[in-house]
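Report on the structure given below.
The values are calculated or read from the model by the stated rules, or taken from the named source; none is laboratory data. Keep in mind that what you see is a predicted model, and the values were worked out from it rather than measured. Heads up, the Cβs are rebuilt from the backbone with ideal geometry, glycines too, and the neighbour counts pull from every protein chain shown.
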Amino acid sequence: MKGTNNTQMEKIKLAVVDDHTLFRDGLTELINKFDEYQVIIEADNGNDFITQLSKGAPEIVLLDINMKKMDGFETAAWIKEHRPEIKILVLSMYENENAIITMLKYGARGYLLKDIRKKELHEALNTLVTNGYYYTGLVTGRLVHIINNIDEAGPNQYKRNDSMGLKEIEFLKLVCTELTYKEIADKMSLSYHTIDGYRDSLFEKLNIKSRVGLAIYAIKNKIVHID
């Protein structure tokens, strides 16, 4: 964290991007009570956020997904391309795997649900600043073990598994899209049963138990490029 005490600390600047005014106002008020943080941008959507960047850039963006005009997916993609130094912390009602995978592909460093408590929000911000990412129980139970193992093992241990076939690698890339398993089967001109087999085989080979975990593996090991 910056500084050595609360009176001399340079506060970490945040943006809150959410089109629900009451929620956004309440969240901003809460964050501003934390000693380490200050909200400098409150925006209704991605367009509003981009416009307000002229006032100064935050280090962290708390980003909703479901917004009009420019939603969280579009906003995250823009940040990733134009301001990659800004850390994205998703704060959403969505908890489906496709939403999580898409936001991770767009550079999100953490994923929170809106029903979290104040203590967890504070912990998430602190961890994001210290470690560069934060994953909640929603995501942690499925893949934080994989993420930590990949980070700690270094770049070589978890490179592409030699036992993966070309079709499995193609399947792994498609897992990182918004396609359903049935649509992936159609895309690969294979039966749903065969796709099921690829999924189960990769679960076993990579010691992974969910689609999100497969996506994280692919992203971390540059099988799918997000840069």
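Quick one: how many residues across the stretch 16-69 are of a type in the set (Lys, Arg) and assigned to a helix (DSSP H, G or I)?
Residues in the stretch 16-69 being of a type in the set (Lys, Arg) and assigned to a helix (DSSP H, G or I): 3 in total.
Residues checked against (1) small (Gly, Ala, Ser); (2) free of Cβ contacts under 8 Å to residues at least 24 places away in the same chain:
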| position | (1), (2) |
| --- | --- |
| GLU183 | no, yes |
| SER191 | yes, yes |
| GLY197 | yes, yes |
| ILE208 | no, no |
| VAL212 | no, no |
| LYS220 | no, no |
| ILE223 | no, no |
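Could you tell me which of the residues ASP48, ASP64, ASP44 is of a type outside the set (Phe, Trp, Tyr) and in contact with a His (Cβ under 8 Å, 6 or more places away or on another chain)? First the steps, then the outcome.
Numbers: ASP48 fails: in contact with a His (Cβ under 8 Å, 6 or more places away or on another chain); ASP44 fails: in contact with a His (Cβ under 8 Å, 6 or more places away or on another chain).
Matching residue, one of ASP48, ASP64, ASP44: ASP64.
Mind listing whichever residues of the stretch 77-93 are surrounded by 19 or more Cβ atoms within 10 Å (Cβ to Cβ) and of a type in the set (D, E, K, R)?
Across the stretch 77-93, the qualifying residue is only LYS87.
Tally up the residues in the stretch 170-196 that are assigned to a helix (DSSP H, G or I) and hydrophobic (A, V, I, L, M, F, W, C), please.
Taking the stretch 170-196 first, the residues assigned to a helix (DSSP H, G or I) are 170-175, 181-187, 192-196.
From what's left, hydrophobic (A, V, I, L, M, F, W, C): 171-172, 174-175, 184-185, 195.
Count: 7.
Could you list, in sequence order, all residues of the stretch 78-107 that are among the small types (Gly, Ala, Ser) and in contact with a Lys or Arg (Cβ under 9 Å, 6 or more places away or on another chain)? Spell out the reasoning first.
First, the residues of the stretch 78-107 that are among the small types (Gly, Ala, Ser): 92, 99, 107.
Correct list: SER92, GLY107.
Can you tell me how many residues in the stretch 94-106 are out of contact with any helix residue (DSSP H, G or I) (no Cβ under 6 Å at 6 or more places or on another chain), surrounded by fewer than 19 Cβ atoms within 10 Å (Cβ to Cβ) and in contact (Cβ under 8 Å) with a residue 40 or more places away in the chain?
The total comes to 1.
Just to be sure before I move on: is ARG160 in contact with a Gly (Cβ under 9 Å, 6 or more places away or on another chain) and modelled with pLDDT under 80 in the structure I sent?
Numbers: in contact with a Gly (Cβ under 9 Å, 6 or more places away or on another chain): no; modelled with pLDDT under 80: yes.
So ARG160 does not fit the description; no.
Is there a residue in the stretch 61-76 that is surrounded by 15 or more Cβ atoms within 10 Å (Cβ to Cβ) and among the basic types (Lys, Arg)? It would help to see each step written out before you state the result.
Filtering the stretch 61-76 for residues surrounded by 15 or more Cβ atoms within 10 Å (Cβ to Cβ) gives 61-65, 67, 70-76.
Among the residues that remain, those that are also among the basic types (Lys, Arg) are: none.
There is no residue in the stretch 61-76 that is surrounded by 15 or more Cβ atoms within 10 Å (Cβ to Cβ) and among the basic types (Lys, Arg).
Does at least one position in the stretch 85-93 carry a residue that is hydrophobic (A, V, I, L, M, F, W, C), under 26 Å from LEU214 (Cβ atoms), in contact (Cβ under 8 Å) with a residue 60 or more places away in the chain and not in a helix (DSSP H, G or I)?
Going residue by residue through the stretch 85-93, those that are hydrophobic (A, V, I, L, M, F, W, C) are 86, 88-91, 93.
Retained after the next criterion (residues that are under 26 Å from LEU214 (Cβ atoms)): 88-91, 93.
Those left that are additionally in contact (Cβ under 8 Å) with a residue 60 or more places away in the chain: 91.
Subset that is not in a helix (DSSP H, G or I): 91.
Yes; the residues of the stretch 85-93 include at least one that is hydrophobic (A, V, I, L, M, F, W, C), under 26 Å from LEU214 (Cβ atoms), in contact (Cβ under 8 Å) with a residue 60 or more places away in the chain and not in a helix (DSSP H, G or I).
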